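Comments concern the structure below.
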């Protein structure tokens, strides 16, 4: 039963994550909030952070089922994957204003459109934050090979095709043919092809 609840929580989180980031929903929320909409990004960030850490905390609150025998080799692999994933996420954020991304710097993201980024790590994969997060979750599974960790990783893997689809639908609406060319040139998560310079 706890694992079913864990799955439901992840489904709810990912559903809200994509829904609240969609342009149509943002426009409706802006209509409700008026000038206070400049704080929407911060509210979204706080909500997402509290929700995800709540899920992770719940995942450790009940007796765990081990899927693998924990060894020093698995722990080492886990550390390596999670560290590499963290590096990718950190490099990803270098292309953006962190204060605007989090929402500390209040702004209307429906008016102030972020500059299109296709350089740096974004010339290797279109969604490096997702790529890094995948490695972090996989690393966590090797470090703590329990059913809860497997659910965390598995739900992320299942969400990403949907999350990427809806995110890129939004990005095409914003950036048009420029983003479509970028899609043709750069892989989504795994650097199988690199943007031509």
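Grab the DSSP H runs of the chain that are 4 residues or longer, score each as -39,500 (n - 2.57), total them, divide by all residues and round the 222 nm result to the nearest 500 deg cm²/dmol. Intermediate results must be reported in sequence, preceding the final value.
Values: 8 runs with 129 residues, N = 197.
Rounded to the nearest 500, the figure is -21500 deg cm²/dmol.
Roughly what percent of Cα-Cα pairs across the stretch 140-197 reach past 13 Å?
Numbers: 1149 of 1653 pairs.
Cα-Cα pairs of the stretch 140-197 separated by over 13 Å account for 70 percent.
Expressed as an acute angle from 0 to 90° and rounded to the nearest 10, what is the orientation of the C-alpha long axis of helix 147-175 relative to the principal long axis of the chain?
10 degrees
For the chain, just the Cα set please: Rg and Dmax, both in angstrom.
Gyration radius and largest Cα-Cα distance of the chain: 18.1, 55 Å.
Round to the nearest 10 and give me the degree value, 0 to 90, for the angle of helix 40-58's Cα axis relative to the longest principal axis of the chain.
10 degrees
Please tell me the relative contact order of the chain in percent, rounded to the nearest whole number, where contacts are Cα pairs under 8 Å and at least six residues apart. Walk me through the numbers before you get to the answer.
Details: 203 pairs, mean separation 58.6, N = 197.
Contact order relative to length: 30 percent.
Could you give the angle, 0 to 90 degrees to the nearest 10, between helix 23-33's Cα long axis and the longest principal axis of the Cα atoms of the chain?
70 degrees
So how far, in whole Å, is the C-alpha centre of the stretch 42-77 from the one of the stretch 96-125?
27 Å
For residue 32 and residue 180, compute 0.36 nm times the residue count separating them, minus their Cα-Cα distance, and round to one decimal in nm. Before the final figure, lay out the partial values.
Details: separation 148, 0.36 × 148 = 53.28 nm, distance 3.22 nm.
Additional length available on full extension: 50.1 nm.
Can you tell me the Rg and Dmax of the stretch 107-184, counting just the alpha carbons, in angstroms?
Answer for the stretch 107-184, Rg first and Dmax second: 15.5, 45 Å.
So for each of 172-184, 139-151 I average, over its residues, the number of other beta carbons within 10 Å; can you give me the resulting order with the highest mean first?
On the way: 172-184: 13.4, 139-151: 20.4.
With the highest mean Cβ count within 10 Å placed first, the list reads 139-151, 172-184.
Which value, in Å to one decimal place, does the Kirkwood hydrodynamic radius take for the stretch 1-41 when every pair of different Cα atoms is included? Each step should come with its number before you reach the end.
Numbers: mean 1/r = 0.0857 Å⁻¹.
Mean inverse Cα-Cα distance, inverted, gives 11.7 Å.
Computed from the coordinates by the stated procedures, all read-outs in this text should not be read as laboratory data. Everything numeric here is computed off the predicted structure, so don't read it as measured data. Because the Cβ atoms are built from the backbone with ideal geometry, glycine has one as well, and the counts that use them run over all protein chains shown.
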